[in-house]
Amino acid sequence: MRTAAGEDEVLISRFQQGEAEAFDRLMAAHMDKVYALAWGVLQDREEARDAVQEVFIKLYGALRKFPSSDNLSAWLYRVCLNHCIDRKRRAKRSRVDLTDDDWERLQGSENEEPEFQAYQSEIRRMIRNAVETLPERQRLVFVLRHYKLLSINEISETIGCSPGAVKAHLSRATANLRDRLARSGILEAREVERNEL
């Protein structure tokens, strides 16, 4: 469920005026996307649920003084992302891991033939391994852009850097991936596949 920024402003204002139900409505409106981000980073349902609870506890504490003109979605993404990264660091795991199902959704299904599916599965595994070798900021920007489908500006607000810096990280990530995949022979294979289809 998505709300317009204008509706967020109204609900924030109502909460600040003492209407407790307004917070419940804000939480219901943003819960799914916050959970999706938490799960995408943590890859664990219980951890993601705990993270979401923490994010909304922080929001409840901050909302009394929250400027109604601020972008609530960006604030929630930023707080959630930072919280999840902290959780992973405390657990001594610093990678944004994606499951096979995630990569299947990212790649899309082009053909139902078993041989083609096996080939695609191997391609996905190689791409995922290459993504996981990227420096942390490049990996994060790449996943947020190509898996979470956030815009450059949304990523900028989420991770707290300029749109230009996001583009630079994305460009470096893409170049690094292209280099790694070329060395593994995957790019040539995909070019052949593209030309034959």
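The values are calculated or read from the model by the stated rules, or taken from the named source; none is laboratory data. In this text, all values refer to a predicted model and were calculated from it rather than measured experimentally. With ideal geometry, Cβ positions are generated from the backbone for all residues, glycine too; neighbour counts draw on all protein chains shown.
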List the number of the failed condition for residue 9; all other conditions in (1) in a loop (DSSP other than H, G, I, E, B); (2) within 27 Å of residue 161 (Cβ to Cβ); (3) of a type in the set (Asp, Glu) hold.
(1)
Members of the stretch 134-165 found to be assigned to a loop (DSSP other than H, G, I, E, B) and modelled with pLDDT under 80, listed by number:
147, 148, 149, 150, 160
Just the residues that are closer than 20 Å to residue 6 by Cβ and exposed (fewer than 14 other Cβ atoms within 10 Å of the Cβ), please, taken from the stretch 19-61.
19, 21, 24, 28, 32
Kindly check whether there is at least one residue in the stretch 69-80 that is among the acidic types (Asp, Glu), at pLDDT below 90 and part of a helix (DSSP H, G or I).
no
Qualifying position, being modelled with pLDDT under 80, in the same structural domain as residue 9 (by TED's automatic domain parsing) and more than 23 Å from residue 153 (Cα to Cα), among 107, 53, 43:
43
Flagged in the stretch 129-147 as among the basic types (Lys, Arg) and surrounded by fewer than 19 Cβ atoms within 10 Å (Cβ to Cβ), in numbering order, are 137
Consider residue 34 carefully, then state whether it is farther than 25 Å from residue 149 by Cβ and not polar (S, T, N, Q).
no
